[in-house]
Amino acid sequence: QDVLTLYTSQPNKDAQMTVDAFEAANPNIKVEWVRDGTTQLMTKLRAELSSGVVKPDVLLIADSVTMESMVNEGYLLPYVSPERDQYENSLYSEEGYYYGTKLITTGIVRHKQAPQHPTDWADFVKPEYKNQVSMPSPLYSGAALIHLATLTDDKSLGWDYFEQLHANGAMAQGGNGGVLKAVASGTKPYGVIVDFLAIREAAKGSPIEFIFPKTGVTMVTEPVAIMKEAKNKAAAKRFVDFLLSKEGQALVLEQGYLPARRDIGVPEGFPKRENIQLMPFDAAKTLENSEANKERFSKIFEG
Amino acid sequence: MDSQLRWLSIGLFVLIATLSLLPSLRLLVEALSHTTFSTSSPMAEVLKSERTWTALRHSFYTSGLGTLIAVILGCGFGFVVTLTNIRGRAIWVFCFMLPMMIPPQVTALSWLQLFGPASPILNTLGIAPALGSPQPMYSAEGIALLLGIQSAPLVFLALRTQLISLPQDLFEAAQLSRASQFRIWVDIILPLCRSAIIAGAALAFVSSLGNFGIPAMLGIPAGYIVLPTLIYQQMAGFGHDMLSQVAGLSMMIALLVLAGMLLQQWLQQRSRYALLGHTAQSLSFRLKQWRLPLEILLALVLCFILVAPLFALIVSSLVPALGMPLNADTLTFAAFYEMIGRQGVTSRAFENSAFLAFFSALVLMLVSLPLGYLLMRLPMRTRAVIASLIEVPYAIPGIVLAIAFILLFAKPLPFIEVSLYGTLGIIFLAYLSCFLSVCLKPVLSAMSQLDPALEEAAQLAGARPIQRLIDIILPLTAPAFFAGGLFVFLISINELTVSALLWSAGNETLGVLIFNLDESGDSVLASAIAVLVVLLVAGLMSLLSLFAPRLPKGVIPWHG
Amino acid sequence: MARLILDGVEKSFHGAPVVKGLNLTIEPGEFVALLGPSGCGKSTILRMLAGFENVSGGQIIHGDDCLSSSTRHVPTEERNFGMVFQSYALWPHMTVKENVGYPLKVQKTPTAERNKRINDALDIVQLKEYADRLPAQLSGGQRQRVALARSLVTEPDVVLFDEPLANLDRHLRATMEETFRAFHKRTGATMVYVTHDQSEAMSLADKIAVLNKGQLVQWGTPQELYARPRNTWLANFIGRGSVLSVAAVAPAQYVSGTNLHALIRQHSPDKAASSVLVRPQDIHFVNADESALTGSVHSCIFRGERYDIELTLKDGQRLLAYSDVPMTLGSQHQVRLGQAWSLESES
Amino acid sequence: MARLILDGVEKSFHGAPVVKGLNLTIEPGEFVALLGPSGCGKSTILRMLAGFENVSGGQIIHGDDCLSSSTRHVPTEERNFGMVFQSYALWPHMTVKENVGYPLKVQKTPTAERNKRINDALDIVQLKEYADRLPAQLSGGQRQRVALARSLVTEPDVVLFDEPLANLDRHLRATMEETFRAFHKRTGATMVYVTHDQSEAMSLADKIAVLNKGQLVQWGTPQELYARPRNTWLANFIGRGSVLSVAAVAPAQYVSGTNLHALIRQHSPDKAASSVLVRPQDIHFVNADESALTGSVHSCIFRGERYDIELTLKDGQRLLAYSDVPMTLGSQHQVRLGQAWSLESES
Ligand SMILES: Nc1ncnc2c1ncn2[C@@H]1O[C@H](COP(=O)(O)OP(=O)(O)OP(=O)(O)O)[C@@H](O)[C@H]1O
Ligand SMILES: Nc1ncnc2c1ncn2[C@@H]1O[C@H](COP(=O)(O)OP(=O)(O)OP(=O)(O)O)[C@@H](O)[C@H]1O
Ligand SMILES: [Mg+2]
Ligand SMILES: [Mg+2]
């Protein structure tokens, strides 16, 4: 039996589901998987690589910027999947180093009892929101960094927006989980958060709701990639194909995420696909500017 | 030198070298790895960056203040509970040990809720702050407060071991001098306990330095960076020399530790005196009219540090989703069913963590006895150096220590070709490395106060070093020794940051389980597990009480 | 200054009685010694007086105040007592000077005055050069002297000494005894002194209480105790001497030498008998003489100024005598007894 | 059994010398006492013998082995020495029985044998009923006895006693002295005994070393020391007596009574003088007599069997005498001196 090693930052349950489905479809492959937060996982991976060991065959990790940096350092194996035609080309790397598997968008969340009803990013700099907004910090979260890069690239928002946010007392949390807690517990009634966290909790009964801003949401794509030194490249390719296949994408839908593939629907609680406005974003450029962006952000928020 | 002693020394030297020195050295190598003489090497970047120095300053401030709070809390509690005729002593002690088990995030959150705009209590009283009003907890002082509460039990236990061995006649002599009770505390008890308090404070300081959870929770929103959060920032970045930078930052922490240890040595140098005799009764103060007020004060403090967070934790484990109010309609045990009934990972994590915690405690207890004994025989200076080296792994953030272990053990071990990586073994080793100082500190401080004549008498009886250790030193320092083991157990049972990088499928720990659940939005499940952990630990602690009559006196802090 | 009364004081540890129904009235300013075998309860009595231990029964009264009873307990720091502990109880973190000066510091004595008194006290115990040492760096006797100095810097109403000179050599003891006398005269404090050295007790005390197994055996002046011990146990305990079994005689009286020899001759195991105490200085070696007693030397021990000679009489009883010259073991000698004191039989 | 040699042993603490160039040769099985004022280094010597302290100079040799020197140090547990500590050093976590039995346990003595020996030892020190107590529940003297019992259960080559009887009453002391003698006879061990009680030292020891400020002053049998002390310091230290300044006389010889009276009369402050030692038992009170000395009573202290009388002579010198009857202070009395010993002046 073949063994495939997967490093993923998917939540436990989802990862288990994915693996189970893949193993069911490929009974001769056994998947050993390691799950952790993106940061921890990347740190672990870097430490392993630094000591000259390549453990994983496949990575299924939060964002494309991270993947870009792996590409730059030559750790990834290009693979042209037959399924890629079904995807918009902004969702994968041209050479086939990585493929986005779902769309995790970042939007607005509010506590149901909060007085205001924000509809767009720009609302948060209004005086009614003073001291009441919470958001993930780009210094600690990759998704938030992409969010920052996207919004600062936007003509109407730009760095001014973040300066005003800070002046308006917006608070940067360590990650999306912190925002969720702050909003749900009412300590900060509004927040910036990834879609599925808020929508899932709301479905369970949490007193919050998710709002897709008018200007558009930013997004990460949880790309999948194969390590150059992978021991089991064949199985790894099968895995990539599986994730990108219709079957794999149906799984994504079932888990409550927006599938990357166009021809699959949207999960419950999401607006129609056409109504979700995606803001444009360039992974390579984001990577290039990441240090500068963080620097600037920390100047504003950490004084 | 006696041959037993020689072998003991060699063995322990090898042990310290592998456990403490090797990871630290590996990090140092990593920190310097890309060093060229240009200004752009990672280490230079770290040193050049203004933020490094800000974080260093902040770390020093929060840890220092946190230590102060821990000392005040731990000592206050220790004195009152150990020395006075307060009622229900066992229960107080028992409760005071538990805050260590509640994840600091929970404590912080529960306070934010208690004093925030949504506070049920304040709302009922009609004095809740307006929505969005600033939260004092999001500040350096807030961080320090929580750090202090977290490490107060460390000070408490270290102090307690000392207090129960103080001979009563020293206080009687002071009473005869007509010293008031207050003067007796200041002039006699405090100085006599100084060595233990310093040891406890050093532990609190070092553990605060390396703490990530609390500054992450309270410091990041306030834009207040400390070294561990700065390190985490580096990790979250995409830089290819991230490891070197992280290692470099950790070396800054190591530097802080060394500075702290120097201070500790300097302080302890002036407070090292063996107690003479040891045969007197141990002491106790009568409180009279102060007893009730004190009991109420203690209860209030416990409400804040234990009851409120525990209550919040329980509430959040009984609702279907985060943020829902708890009432008859929403009350559900679904989370518990889910975690106990369905997820095999839960029981595995419990097994793993219990195994790791138990054996780390056991092994470290076994090690710290001879190690402490040997250290006490070394010249002051050498001892200071070795003690600081042992301290480093505990002080650097767990995640960095884990990096060091990956760097060291990712490849199969040379010669035997066995790979520790991906097994529980590597987590176990990392725990040993990390918590050695935790176990050793109280033991060292207890040993320094032993009357040397007691060991000399055993020498005359013809007992060799190992036998003396077992027959004389061990029973006499047993409370310290068990306190050390208890620390290790309590800290490692829900340890997160080390195991976060080192775990692998099948080798989950409780900390990792809670963290993963929490991070993927299942905070209700996470709370349920946290509640189970507290229950487990409370259960184990009560179980230990059953053995108390068979153990040396004073070994189980919450007994008698 | 006030009278100190122990009224039926009892003490037990875990139910085992250690002090039993002790009645003592100590006049203000009296110097009292407690004598008794090891473990008889002397230290316990001092600890009750100082207030470290509760009484299990009875009461301790000082002047008009009840210090301890089953319902009342005045804490030590309100009693104004001083004490030298058998275990010294020096504070290991303070230098000799600080140890000695602590009671003064607590009483907020001005620094100049304080230093003077510390110096004086250290002078008395001959430890001036050791003022800045820690107790751990002192010899046993030096530690004891620090404890002594500490008890002498203040002026308590009652001073309790628990074997304060046990670790000092004879000359230092003599000096210390002098110091105690001077201190007593100067302050007029009531002193309670525990010692196992009878000659110390005899020379210092106005009155002596002899205890055995927690009970008072006799209470009187040193001369009374030495000359007229009540029973055989006390006769054996106080001073040196031999208790001889002789023919029946009224108790509590002196028996002259001639009568004594007669009583010894009349004594036989099957007749009623009495005990008499013969002090060794009343035994004189004589040349062969009809009426003298014959004994063989059982042991001969050098004691410096003289030899202790233990003689075995014909009927097997032992007799302690002094001699200026050594005597060979087993040799026969004749002795005459000068006088003896007849005892109550031990109750 | 082997000879124990201290060869130029030195010890200093932080540069301050405490024992200086000590030479002693102790024959196998000898019973040696160390005498000296408090703080003179006695305990330090024992601690060096036991191996707890390194020597700063010189060496300690036992038989053919060098135990301690600047380059060598045999650890205590390999020396087979026994010791009674001045501070007892009882293990607080062990009962009396366990404390006493520990040396046997270490030597893996079989349990039955062990219990027997523990019982015997406890019997000797009269602590059988206390076998299961913890040291904290004992009186001072009882603790000391436990320490004694512990040192007597095994059969070490050398036993070191550091004031082993300081806290015991006189009768217990006598019993213990007997025990030491018996133990010594039975085991033939070399014994080194530190005490401040001279009569104890004199009666127990074969040889006595008198120390002062870390230096050996005299080394000889008890009789030698008492009868022929070398210098004035020693004369003052050993035994009781008065050192008188008299007209010049050859040192180290006995001066008869008549000569002595002449020397006293000839003495005047501006002439060369010698010191002589007069023991109190050599002073006799006489009725008025031409040649007798006149003194006025300076102090009169009751000591049980007799009174210590201190007389002031006409030229202001003090003389210690014994009397069976008390004398009023200041009254004039005539005395004759029996003999005296002339001393070297103190170097
Ligand atoms: N650890 C130490 N550091 C410095 N000086 C010390 C130390 N131990 C002892 N001394 C000094 O050494 C001298 C000799 O001490 P030692 O204990 O041998 O005296 P000793 O003859 O036993 O006196 P005692 O009869 O009072 O017990 C003393 O003056 C003492 O102060
Ligand atoms: N804490 C205690 N628990 C039980 N028994 C005790 C305790 N303290 C003392 N004793 C016992 O009480 C008795 C009297 O003790 P105490 O210390 O008063 O004797 P002492 O007369 O001072 O004797 P010594 O001359 O030996 O010091 C002893 O038999 C002792 O064993
Ligand atoms: Mg006593
Ligand atoms: Mg001594």
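Count charges around B:SER527 for me, please; just the other residues with Cβ under 13 Å from its Cβ, Lys/Arg as +1, Asp/Glu as -1. Walk me through the numbers before you get to the answer.
Values: positive: A:LYS181; negative: B:GLU338, B:ASP518, B:ASP522.
Once positives and negatives cancel, what remains is -2.
Would you order B:LYS441, C:LYS108, A:LYS237, A:LYS44 from fewest to most other beta-carbon atoms within 10 Å of each residue's own beta-carbon? Working shown, then result.
Details: B:LYS441 30, C:LYS108 7, A:LYS237 19, A:LYS44 26.
Ranking B:LYS441, C:LYS108, A:LYS237, A:LYS44 by Cβ neighbours within 10 Å, fewest first, gives C:LYS108, A:LYS237, A:LYS44, B:LYS441.
Mind grabbing the base-10 log of I(q)/I(0) for region B:473-560 at q = 0.20, 0.23, 0.25 Å⁻¹? Debye formula, identical points on the C-alpha positions, no solvent, two decimal places.
Normalising to I(0) and taking log10 leaves -0.93, -1.07, -1.18.
Which value in nm describes the separation of the simple spin-label points at B:GLN168 and B:VAL186, placed 7 Å from the Cα toward the beta carbon?
According to this spin-label approximation, the distance is 2.7 nm.
Compute for region B:305-441: radius of gyration divided by Kirkwood radius, i.e. Rg/Rh, restricted to C-alpha atoms, rounded to two decimals. Numbers along the way, then the final one.
Numbers: Rg = 21.1 Å, Rh = 18.7 Å.
Rg divided by Rh gives 1.13.
Between C:THR328 and B:PHE311, what is the label-to-label distance in nm when each label sits 7 Å out along the Cα-to-Cβ direction?
Simple spin-label model gives 9.8 nm for this pair.
Given H placed 1.01 Å from N in the peptide plane, which residues other than close sequence neighbours of A:THR5 have an amide H under 5 Å from its amide H?
Under 5 Å from the amide H of A:THR5 lie the amide H atoms of A:GLU32, A:ASP57, A:VAL58, each far enough along the sequence or on another chain.
What FRET efficiency do you get for B:ALA299 and B:LEU255 if R0 is 35 Å and r is their Cβ-Cβ distance, rounded to the nearest 0.05?
Working: r = 42 Å, r/R0 = 1.19.
Efficiency, from the Cβ-Cβ distance: 0.25.
Less than 13 Å Cβ to Cβ from B:ILE406, Lys/Arg counted +1 and Asp/Glu -1: what total charge do the surrounding residues give? Spell out each step's value before the answer.
On the way: positive: A:LYS44, A:ARG46, A:LYS55, B:ARG26, B:LYS411; negative: A:ASP36, A:GLU48, B:GLU30.
Residues close to B:ILE406 contribute a combined charge of +2.
Write down the radius of gyration of the protein assembly as shown and its Dmax, each obtained from C-alpha positions, in Å.
When restricted to Cα atoms, the protein assembly as shown yields Rg and Dmax of 42.7, 145 Å.
Only residues of region C:137-156 count here: report those whose backbone N is under 14 Å from the spot 7 Å along Cα→Cβ of D:HIS14, or say none.
Counting only backbone N, you get C:137-139.
List the relative contact order of chain C as a percent without decimals, with contacts defined as Cα pairs under 8 Å and 6+ residues apart.
Reported relative contact order: 16 percent.
Treating each Cα of region D:44-128 as an identical point scatterer and ignoring solvent, apply the Debye formula and state log10 I(q)/I(0) at q = 0.14, 0.22 Å⁻¹.
-0.63, -1.04
Let me test this: with uniform point scatterers at the alpha carbons of region C:50-203, what is the Debye-based log₁₀ I(q)/I(0) at q = 0.15 1/Å?
-0.83
Lys and Arg at +1, Asp and Glu at -1: add these up for the other residues within a Cβ distance under 12 Å of A:LYS181 and post the number.
On the way: positive: A:LYS188; negative: A:GLU201, B:ASP518, B:GLU519.
So the surrounding residues net to -2.
Rank these for me by crowding, D:THR328, B:THR497, going from fewest to most other beta carbons within 10 Å.
Numbers: D:THR328 7, B:THR497 23.
By the 10 Å Cβ count, ascending, the order reads D:THR328, B:THR497.
From the phi angles alone, apply the Karplus equation (6.51, -1.76, 1.60; θ = phi - 60°) to region A:271-282 and give each ³J(HN,Hα) in whole Hz, x where the residue is Gly or Pro.
Karplus-based 3J(HN,Hα) across region A:271-282 equals x, 4, 3, 4, 7, 8, 8, 9, 7, x, 7, 10 Hz.
If we restrict to alpha carbons, what Rg and Dmax does chain B come to, in Å?
Both quantities, over Cα of chain B: 23.9, 74 Å.
Between A:LYS13 and A:ASN275, take the C-beta separation as r, use R0 = 30 Å, and let me know the FRET efficiency to the nearest 0.05.
Working: r = 28 Å, r/R0 = 0.93.
My answer for the efficiency is 0.60.
Provide the per-residue ³J(HN,Hα) series for region C:180-188, in order, calculated from phi with Karplus coefficients 6.51, -1.76, 1.60 and θ = phi - 60°, each as a whole number of Hz, with x at glycine and proline positions.
For region C:180-188, the Karplus-derived couplings read 4, 4, 5, 4, 4, 5, 5, 8, x Hz, x marking Gly and Pro.
So who's got an amide H within less than 5 Å of the one on B:SER419, skipping anything under 5 residues away but keeping other chains? H placed 1.01 Å off N, in plane.
Counting only residues 5 or more places away or on other chains, the set is B:LEU413.
Under the rule of -39500 (n - 2.57) per DSSP H run of 4 or more residues, summed and divided by the residues of chain D, what mean residue ellipticity at 222 nm is obtained, to the nearest 500 deg cm²/dmol? Display every interim value, and only then the final one.
Numbers: 9 runs with 94 residues, N = 347.
Value at 222 nm, helices only, nearest 500: -8000 deg cm²/dmol.
What dipole magnitude, in Debye to the nearest 20, does the protein assembly as shown give about its Cα centre under +1 on Lys/Arg Cβ and -1 on Asp/Glu Cβ? Let's see the in-between values first.
Numbers: 131 positive and 137 negative charges, 483 e Å.
I would put it at about 2320 debye.
Keeping to pairs on different chains or 8 or more places apart, tell me how many lysine pairs in region C:4-227 have Cα atoms under 15 Å apart.
12
When a/c reaches 1.5 or more, the comparison of a/b and b/c decides; with that in mind, is region B:366-560 rounded, prolate or oblate per its Cα gyration tensor?
Taking the square roots of the gyration eigenvalues as a ≥ b ≥ c, region B:366-560 is oblate.
Loop-only chymotrypsin sites (Phe, Trp or Tyr not before Pro) in region B:410-439, please: DSSP not H, G, I, E or B, and at most 13 other Cβ atoms within 10 Å. All intermediate terms of the calculation are to be shown ahead of the outcome.
Details: sites: B:PHE415, B:TYR421, B:PHE428, B:TYR431, B:PHE435; in loops: B:PHE415, B:TYR421.
Loop-located and lightly packed - B:PHE415.
Compute the FRET efficiency between C:ARG303 and B:LEU263 as 1/(1 + (r/R0)^6), taking r as their Cβ-Cβ distance and R0 = 56 Å, and round to the nearest 0.05. Don't skip to the end; give the middle numbers.
On the way: r = 60 Å, r/R0 = 1.08.
With a Förster radius of 56 Å, E is 0.40.
Cross-link partners among lysines for A:LYS233, C-alpha distance below 23 Å, same-chain residues fewer than 8 apart left out?
A:LYS30, A:LYS44, A:LYS55, A:LYS102, A:LYS246, B:LYS411
Straight-line reach from A:LYS272: which aspartates and glutamates have Cα under 15 Å away, leaving out those fewer than 8 places along the same chain?
A:ASP195, A:ASP263
With 10 angstrom as the radius, rank B:SER208, D:SER242 by how many other C-beta atoms surround their C-beta, starting from the fewest.
On the way: B:SER208 30, D:SER242 22.
Lowest count first: D:SER242, B:SER208.
Computed from the coordinates by the stated procedures, all read-outs in this text should not be read as laboratory data. Every value quoted in this text rests on a predicted model; they were computed, and no experiment measured them. Here Cβ is always computed from backbone atoms with ideal geometry, including for glycine, and neighbour counts include all displayed protein chains.
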